[in-house]
Amino acid sequence: MSQREASLTEKIEQYRKTLDEELRNEILMDALPIVQRVAALLRGIMRSTLEEEDLIHQGVLSLMECMDRYDISKGAKFETYAFIRIRGALIDYVRKQDWIPHQTRSLHKQIEQASAVLMEQNHEEPDEEAIAQYLNLPVEKIYQNQAVMHRSTLLSFENVLQDFSDKSLYMEPESKDDSLSPEASMFQKEIRQVLAKAIDGLTEKERLVVALYYYEELKYSQIAEVMEIGESRVSQLHAKAIRKLKQELEEYRKG
């Protein structure tokens, strides 16, 4: 455990003994980067009406709960515990805010069927304009539907990842240091292998989008500039990559 982590843990233990508001606010400021990082990672599943500030507000509320519930004897660092718990709370929050009507899901099914037909006819992936023409719909309606359903796909993927995070959070360490138990170590190794295999199965462009989005933390507009393609194409590639990764994780979870 680093000096910074130890200091934060000590402050939390002191606060729980004294309930000092000034100390609580100091802890919140120290741990705020955790909330900000979670909110940034989940920015792809936010609606236009659900701003990052909304997520940060909800994240701070969750952070306060983490301060009350954290148990150092379980073996997890506070920052790890808080990150996973805040992430889970924000995923639940977004899910409650982002209900998708049946009509939207029905149109998405039509779009997927049209895409499959055009792919078979032309032996290449159709763009939104071709799909809109095939369905006799305004292309803007196709874009809007894809944006909504992409958020749904991302949310579902994040939920699967959260399930794995919850499972590994309190696997007991072998000793009082930061080493993982054999079970936790094996679990994390297996998850990395599953994700690595899934990423290897992506196309070159899909892998690049995933790398730029999750590792470089770029927004769609920035990725579009790097790849010299439109934002809608970035969204499409991201959605397809996420569906493939989610399928691999779900197959692993089912055994």
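What follows draws every value from the coordinates through simple rules; no lab data is involved. All values derive from a computational prediction rather than experimental measurement. All Cβ positions, glycine included, derive from the backbone under ideal geometry; neighbour counts span all protein chains shown.
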Legend entry - In order through region 79-84: 3J(HN,Hα) via Karplus (6.51 cos²θ - 1.76 cosθ + 1.60), integer Hz, x for Gly, Pro: 4, 5, 4, 5, 4, 5
Legend entry - Anchor Lys11: aspartates and glutamates whose Cα lies under 14 Å away (excluding residues fewer than 8 positions away in-chain): Asp20, Glu21, Glu22, Glu26, Asp30, Asp68, Asp71, Glu79
Legend entry - Label-to-label distance, nm, for residues given as Ala40 and Glu10 (7 Å Cα→Cβ offset): 2.8 nm
Legend entry - Segment Arg69-Glu112, extension gain: residue separation times 0.36 nm, minus the distance between their alpha carbons: 11.0 nm
Legend entry - Note, ³J(HN,Hα) from phi for region 106-121, Karplus 6.51, -1.76, 1.60, rounded to Hz, x at Gly and Pro: 5, 5, 4, 5, 5, 5, 5, 5, 5, 4, 5, 5, 5, 4, 5, 6
Legend entry - Relative packing of peptides 67-74, 51-58 - highest average C-beta neighbours within 10 Å first: 51-58, 67-74
Legend entry - Spin-label zone in region 218-255 - amide nitrogen under 15 Å from a point set 7 Å from the Cα of Glu125 along the C-beta vector: 224, 227-245
Inset, instruction - Consider a paramagnetic label point 7 Å from the Cα of Leu19 along Cα→Cβ; state which residues of region 63-99 have an amide N under 15 Å from it. - result: 68-69
Inset, instruction - Excluding residues fewer than 8 places away in the same chain, name every one of the aspartates and glutamates whose C-alpha is closer than 19 Å to that of Lys74. - result: Glu5, Glu10, Glu13, Glu65, Asp163, Asp166, Glu172, Glu174, Asp177, Asp178, Glu183
Inset, instruction - Return the FRET efficiency for the residue pair Glu228, Ile199: r is the Cβ-Cβ distance, R0 is 30 Å, and the value is rounded to the nearest 0.05. - result: 0.85
Legend entry - Distant-in-sequence amide H partners of Leu218 (H built 1.01 Å from N, under 5 Å): Tyr213
Legend entry - Gained length - Glu53 relative to Glu251, 0.36 nm times residue gap less alpha-carbon distance: 67.8 nm
Inset, instruction - Let me know the charge dipole size of region 10-143 about its Cα centre in debye, to the nearest 20, where only the beta-carbon of Lys, Arg (+1) and Asp, Glu (-1) is charged. - result: 580 debye
Inset, instruction - Taking a cut-off of 24 Å between Cα atoms, list the lysines near Lys244, but don't count ones fewer than 8 places away on the same chain. - result: Lys109, Lys167, Lys189, Lys197, Lys205, Lys219, Lys254
Legend entry - Highest to lowest packing among 197-210, 11-24, scored as the average C-beta count within 10 Å: 197-210, 11-24
